[in-house]
Amino acid sequence: PGFLPNFNLSVDYYRISIRGAVNSQPREETVKACLVDANSASCGGLVQRLATGKITRIDAFNTNTGGFLTSGIDVVASYNNDITDWANLSFQLNYTHLLKHKRQPFTGSAYINELGQLQDANGERLGSGYKDRFTLQTGIAVGPATLSWVARYFGNIVDTKDPANAPPDEINFVKSLM
């Protein structure tokens, strides 16, 4: 803008929906599917049992599973200015706010809400469910030398797959980090 030269701002809304994603089906979901229908494709050959019925092994492999749905807002703001003939000052802020973050373990199953979760149902993607996170970088360049500083913020998050049956907040709640 004319009143603030060298300032740039970008605000983007995104919605990403993937069907038939390649992923491994969580073992927990495999067992649930087998309990409903022992002949289902989700069960076939993945669960091995003893003659007594005791489960001895649950295999997981990459396959076309259900899908993913995520949406949010990304903001990038930057400012760059020559403060003298030989020095430059710069700032950049990258911010993401997640609105939705869901995963469907396999086709036809219900979506699992992973928004605000530390881990997904597979125990993977550590921290992918943070609702708010940002990175702030500032720097000053004087001739050939540059000094920079970076700060990262991760909002509050819950450390469980099932918030309704979670331990108390003092155990389960992870405060924001910077």
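The values are calculated or read from the model by the stated rules, or taken from the named source; none is laboratory data. Being a predicted model, the structure only gives us computed values, none of them experimental. In this analysis, Cβ positions are derived from the backbone assuming ideal geometry, glycine residues included, and neighbour counts consider all displayed protein chains. Calculation scope for accessible area: heavy atoms of the full protein, side chains included, ligands and nucleic acids excluded. Shrake-Rupley method; radii C 1.70, N 1.55, O 1.52, S 1.80 Å.
Just the residues that are loosely packed, with under 11 Cβ neighbours inside 10 Å and within 16 Å of Val22 (Cα to Cα), please, taken from segment 48-66.
Within segment 48-66, Phe61, Asn62 meet the criteria.
Only one of (1) touching a His at 6+ places or on another chain (Cβ under 6 Å); (2) modelled with pLDDT of 95 or more fails for Gly129. Which number is that?
It fails just one condition, (2).
Considering only residues of segment 23-44 that are open to solvent by 60 Å² or more (accessible area, probe 1.4 Å) and not in a helix (DSSP H, G or I), which is modelled with the highest pLDDT?
Asp37
Counting only residues that are open to solvent by less than 40 Å² (accessible area, probe 1.4 Å) and at pLDDT 90 or above, which one in segment 91-114 is nearest to Ile157 (Cα to Cα)?
This residue is Leu98.
Which ones in segment 107-118 are part of a loop (DSSP other than H, G, I, E, B) and either on the phi < 0 side of the Ramachandran plot or over 10 Å from the mean Cα position of the chain (by Cα) (or both)?
Thr107, Gly108, Ser109, Ala110, Tyr111, Glu114, Leu115, Leu118
Assuming Glu170 fulfils every condition listed in (1) among the charged types (D, E, K, R); (2) more than 25 Å from Glu29 (Cβ to Cβ); (3) open to solvent by 60 Å² or more (accessible area, probe 1.4 Å); (4) modelled with pLDDT of 85 or more apart from one, which condition is it?
With (1) among the charged types (D, E, K, R); (2) more than 25 Å from Glu29 (Cβ to Cβ); (3) open to solvent by 60 Å² or more (accessible area, probe 1.4 Å); (4) modelled with pLDDT of 85 or more applied to Glu170, the lone miss is (4).
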